[in-house]
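> Here's a structure for you.
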Amino acid sequence: MRLYFEIGLRAFRRATIYRSAYIAGILTNAFFGTLICFMYQALYGSGGNVAGMSLHDAITYVWLTQSLISVGGGWMSTDIIQTIRTGEIANDMARPWSFFGYWLSRSFGERLLNLILRGTLTYLIGVLYFRAAIPSLEQFTPFLIAVLLSMVLSFSFGFIINMIAFWTIDATSMVWLVNTIMMFFSGFLLPLAFFPAPLAAIARLLPFQAITSLPVLIFLGKIEDIAILNSFLLQLFWIVLLVSVSLMIQRAAMRKLVIQGG
Amino acid sequence: MALIEVENVAKTFRVAKRYEGRFGAIRSLLAREYREVHAVDKVSFQLEAGEMVGYIGPNGAGKSTTIKMLTGILVPSSGRIMVAGRVPYQERVAHVRKIGVVFGQRSQLWWDLPTIESFELLRHIYKIPFERWRENLDTFSDILELGPFLHTPVRQLSLGQRMRADLAAALLHDPNILFLDEPTIGLDVVAKDRIRQFLQRINKERGTTVILTTHDLEDIERLCQRVILIDHGTLIYDGALEELRNRFGRERTVVIDIENGLPENAHDWRPIGVNSVRREGRRFWFSFDRHATTAAALIGEIAQRYQIRDLTVEEPKIETIVRQIYESGSVTV
Amino acid sequence: MFSLYLRLIWARIRGQMQYKAAFWVDLIGFLVTSGIDFVVITILFTRFDSLAGWSIYEIGLLYALTQISFSFAEMIMRGFDAPFETMMQRGSFDGVLIRPLDSFFQVLSSEFQLRRLGRTAQASAVLIFALSNLAIDWTFAKIVLFVLTLIAGTIIYSAIIVIGATICFWTIKTPEVINAFTHGGNQLASYPLSIYNEWIRRIFLMVIPIAFTNYPTALVLLNRSDPHGLAAQIAWASPLVALVFFGVARLFWQYGVNSYQSTGS
């Protein structure tokens, strides 16, 4: 257990080195947040409620999703694919600790830092310039839990996709495609509430809503009381499912390594 | 005027400090301090056309930095560099047209294309007249035996093949100066030998000036009459290889295989001038100071005690020489 | 010079064509991932009536104009994207400095990605969708303007890509910054410039002139006027604006190269 903590800490530290890239990242997120807000203002015009969301909701929604992009809901990292390409993965898998556990702690460390620094600063910009909502404690605590759960979920999904590269030759464009689909159905590109019925039905069946949409809706107060517990359960359900699949894939990959020798 | 003139050239880099400790990570995020690294510190030397010089030193000594300044990639912090009457970084394109560079670690060729196509692209880039290009290509193909893999994509070549191709590529446009950065690294003995022979021929037949950076001291021994030794950015030695060996390679070794058994006091016996004796079975290594005695005299003494079956005389290895210079502190030449 | 450029990019294209399957997979991938932006807009229009008074078809025109330009820029200037970033990371930019050719030219001709036409295909489909539902009275002048805008747009996006790449000289690993400029600007231009606040409008009209890739031209084609008083006729200045901006990018690149040679990174 201590080992994984160390790995997470080291990832945490490593992420602080690229200072200018970090600031650039925050500004990038803020930039997108800004322009999407203007788009919603233009759409809402004089106001009103659309599919249960007011303009203020939409603005808060946008800033939340942008703040969470590096925490869970955005680009999947292709770090694992890189190690597959270089062959390093053979070494990594031979180590005395869990391969999945290693990458999970590492990813968790990076995401946690992103949450504390990048996410918070990005959201702060939204609060200052667009009056994005500041949550109450009752909303914030479950929100935080949901975000932490979504980190694990997002990582597991990314893990599975990365590992598929083990069996295919060039996976990066496929990763990008899957990533886009994930972002679409997670509610990152637009609130799931706006989806037309058939798409909304599909979204409900997929794990991605548990990555972005659920935590954000909790924050907005659209999910309250018991419904919050339900969404935790939903998140946990998907976590268990995806982690199991991840471990299965990991085992299959190890077997392939042993047989083929990398 | 010499072909290459380097006068009091220095290059200083600013490197960001890494903070240690618990909050080091957060601190480096908030504030930054820099320290100065003197990669090259007032180095001076001159090279005439047609020389083949070895430029050696440990890792981080400043070799690559100097080469980069000579090729025009890097601008010196201070000092003066003139190559063929030009300041390299100021007239980059004109300067670079006349030089060839081979990086041992990276290829200059187009990865996905057959070797010959890289050569063709280079013909257009360097505007080499077709006849001359053809001539060079045929010559190099011949000596370096490029024929078998001329039509193989570069990414499929072995290290040795790729190195030969890179060498040919660097010379197609008849450069005056050839810069080689670790050209034999990772190669097997046969491949190394082939490359060394090629370099000797180029230097001799075409008068191409060659500057060779290498860790393989055998390259130096085989190819260079002159050696420039650099460490921590400072020039430590510049002169003939022979003299380097004479001054810092005083120790030679006579290796003796004896015929029959050892007398009792074999271990204690040490002739005059001998620094150390090593023994493995029937073989003795007598290391001696070349100023204290001669190989002939020593062999004579040994022959009086033992029946010699076979013998050789070993010259000091450059590694030993280099180590001795370092151990004796910085050396003024 | 141009023939050398063609030769070099032809070498790259041939190299890419060796992997036929991957090429088509990537192309379709780009088609889908870039198309999803317009899918989002379409969905939004099922919920909302208009976007600041613009219909979905008018937005489609805006979108298509800027996307097509962007796709061309992505195809041509790819050398300044991932390949250049790799050069910075591996230190292989030195190899560029060793050759007797301008560094800008070398990076430019180091890559040409035909697969980016996936975005072009998708944007063209949107264009057809938009134009077939819009009653534009096409004159010869308007057609010329349309074509000029596409060219100007390509140049503008190309300049942004170069600027983004030049920043790599100092920061080595900055895919995100380039993203904000290109994809961000791209997304921004998908909506009418009038919806943004004043300083955003100013910046994207006068500093990073992405607005010139589509907005004034759309005003002319659609016979609309800008609520903030922008004269639609400045659409005709797009090519000039593009060239000036590109000139600035080119100078910035030179500054970057000089800086690289001083610090060696």
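Every number here is computed from the coordinates shown, using simple stated rules; none is lab data. The model shown is predicted, which means the values in this text are computed figures rather than measured ones. Glycine also receives a Cβ, built like all others from the backbone with ideal geometry; neighbour counts cover every protein chain displayed.
> What distance in nm separates the simple spin-label points at C:LEU114 and A:SER136, each placed 7 Å from Cα in the Cβ direction?
6.2
> Return the Rg/Rh value of the stretch B:170-257, two decimal places, where both radii are evaluated on C-alpha atoms and Rh is the Kirkwood radius.
Details: Rg = 15.1 Å, Rh = 14.8 Å.
Ratio of gyration radius to Kirkwood radius for the stretch B:170-257: 1.02.
> I'm a student and want to see the number: the projected area of the Cα convex hull of the stretch A:2-260, averaged over all directions, in nm². Walk me through the intermediate numbers first.
Working: hull surface 58.8 nm².
Projected over every direction and averaged, the Cα hull of the stretch A:2-260 covers 14.7 nm².
> Using a basic spin-label model with each label point 7 Å from the Cα along Cα→Cβ, how many nm lie between A:GLU88 and A:HIS56?
For A:GLU88 paired with A:HIS56, the spin-label model returns 4.8 nm.
> Using Cα atoms only, what is the angle between the long axis of helix C:140-171 and the major principal axis of chain C, expressed in degrees (0 to 90) to the nearest 10?
Its long axis makes an angle of about 40 degrees.
> Cut-off is 10 Å between beta-carbons; in what order do B:MET69, C:MET17 appear when sorted fewest neighbours first?
Result, fewest neighbours first: C:MET17, B:MET69.
> Using every alpha carbon pair in the protein assembly as shown, what percent of pairs falls into each 20 Å bin from 0 up to the bin containing the largest distance?
12, 36, 32, 14, 4, 1
> While we're looking at this one, here's another question. What angle, in degrees between 0 and 90 and rounded to the nearest 10, separates the Cα long axis of helix B:318-327 from the longest principal axis of the Cα atoms of chain B?
90
> Compute the angle between helix B:115-125 and the longest alpha-carbon principal axis of chain B, please, reported from 0 to 90 degrees and rounded to the nearest 10.
60
> Pick out which of B:ARG278, B:ARG252, B:ARG196 has the largest mean-square fluctuation in a Gaussian network model of chain B, springs linking Cα atoms closer than 10 Å.
Evaluated over chain B, the most mobile residue of the options is B:ARG278.
> So how do C:LYS142, B:LYS127 line up by other beta-carbon neighbours within 10 Å, fewest first? List each step's numbers first, then the result.
Values: C:LYS142 15, B:LYS127 11.
With the sparsest Cβ surroundings first, the list reads B:LYS127, C:LYS142.
> Rounded, prolate or oblate for the stretch C:78-188? Axes are the square roots of the Cα gyration tensor eigenvalues, ordered a ≥ b ≥ c, and the cut-off for rounded is a/c under 1.5. Numbers along the way, then the final one.
Numbers: a/c = 2.81, a/b = 2.23, b/c = 1.26.
Cα axes put the stretch C:78-188 in the prolate bin.
> Determine the dipole magnitude for the protein assembly as shown: charges of +1 sit on the beta-carbon of Lys and Arg, -1 on that of Asp and Glu, nothing else is charged, the reference point is the Cα centre, and the result goes in debye to the nearest 20.
Dipole of the protein assembly as shown, to the nearest 20 debye: 700 debye.
> Sticking with this structure for a sec: Percent of Cα-Cα pairs per 20 Å bin, from 0 to the last occupied bin, for chain B, please list those.
Pairs per bin, as whole percents: 26, 45, 26, 4.
> Projecting each Cα onto the charge dipole of the stretch C:2-263 (Lys/Arg +1, Asp/Glu -1 at the beta carbon, about the Cα centre), which of C:PHE30, C:ALA64, C:GLY95 comes out farthest on the positive side?
My answer, from the dipole projection, is C:GLY95.
> Against the empirical 2.2 N^0.38 Å scaling, what ratio does the C-alpha Rg of chain C come to? Intermediate values should be presented prior to the final figure.
Numbers: Rg = 19.2 Å, N = 265, 2.2 N^0.38 = 18.3 Å.
Against the empirical 2.2 N^0.38 Å value, I get 1.05 for chain C.
> For the stretch A:148-156, take each phi angle, set θ = phi - 60°, evaluate the Karplus expression 6.51 cos²θ - 1.76 cosθ + 1.60, and give the result in whole Hz per residue in order, putting x for glycine and proline.
Going residue by residue, I get 4, 4, 5, 4, 5, 4, 4, 5, 4 Hz, with x marking Gly and Pro.
> Now for a separate question. Go ahead and set up a Gaussian network model of chain A, Cα springs under 10 Å, then flag whichever of A:VAL71, A:VAL178, A:VAL62 fluctuates most.
Taking springs between Cα atoms under 10 Å, the residue moving most is A:VAL178.
> For the stretch B:250-315, what is the relative contact order in percent, using Cα pairs closer than 8 Å and at least 6 residues apart in sequence?
On the way: 101 pairs, mean separation 34.6, N = 66.
Across the stretch B:250-315, relative contact order equals 52 percent.
> When a footprinting reagent is the concern and you count Cβ atoms within 10 Å, what order do B:TYR306, A:TYR4, C:TYR196 take, fewest first?
On the way: B:TYR306 20, A:TYR4 17, C:TYR196 23.
Fewest-to-most ranking of B:TYR306, A:TYR4, C:TYR196: A:TYR4, B:TYR306, C:TYR196.
> Using DSSP, restrict attention to beta bridges with both residues in the protein assembly as shown and report what percent are antiparallel, rounded to the nearest 5. Working shown, then result.
Values: 45 of 63 bridges.
Roughly 70 percent of the beta bridges in the protein assembly as shown run antiparallel, per DSSP.
> Could you give me the ³J(HN,Hα) list for the stretch A:127-135, computed from phi with Karplus coefficients 6.51, -1.76, 1.60 and θ = phi - 60°, whole Hz, x at Gly and Pro?
These are the phi-based 3J(HN,Hα) values: 5, 5, 9, 10, 6, 5, 5, 9, x Hz.
> Set the Förster distance to 56 Å, then compute FRET efficiency between B:GLN307 and B:THR234 from the Cβ-Cβ distance, nearest 0.05. Provide the component values of the computation, followed by the final result.
Working: r = 51 Å, r/R0 = 0.91.
It comes out at approximately 0.65.
> Restricting the count to DSSP beta bridges whose residues both fall in chain B, what percent are antiparallel, rounded to a multiple of 5? Working shown, then result.
Numbers: 42 of 60 bridges.
Percent antiparallel among DSSP bridges in chain B is about 70.
> I've got another one for you. Per 10 Å bin, what is the whole-percent P(r) computed from every C-alpha pair distance within the stretch C:127-223?
P(r) over the stretch C:127-223, rounded to whole percents: 14, 41, 30, 11, 3.
> May I ask you to work out the translational diffusion coefficient for the stretch B:250-315 at 25 °C, viscosity 0.890 mPa s, via Stokes-Einstein with Rh from the Kirkwood sum over Cα pairs, reported in whole µm²/s?
208
> R0 = 35 Å: FRET efficiency of C:TYR5 with C:THR139, Cβ-based, nearest 0.05? If you can, show how the numbers build up before the last one.
Working: r = 36 Å, r/R0 = 1.02.
Between C:TYR5 and C:THR139 the formula returns 0.45.
> Just grab the label-to-label distance for B:VAL189 and C:SER92, each label 7 Å out from Cα along the Cβ direction, in nm (one decimal).
Placing both labels 7 Å beyond Cα along the Cβ direction yields 3.4 nm.
> Another question, if that's okay. Going toward the positive end of the dipole of the protein assembly as shown, with +1 on Lys and Arg Cβ and -1 on Asp and Glu Cβ, which of A:ILE69, B:TRP269, A:ALA51 do you reach last?
The listed residue farthest towards the positive side: A:ALA51.
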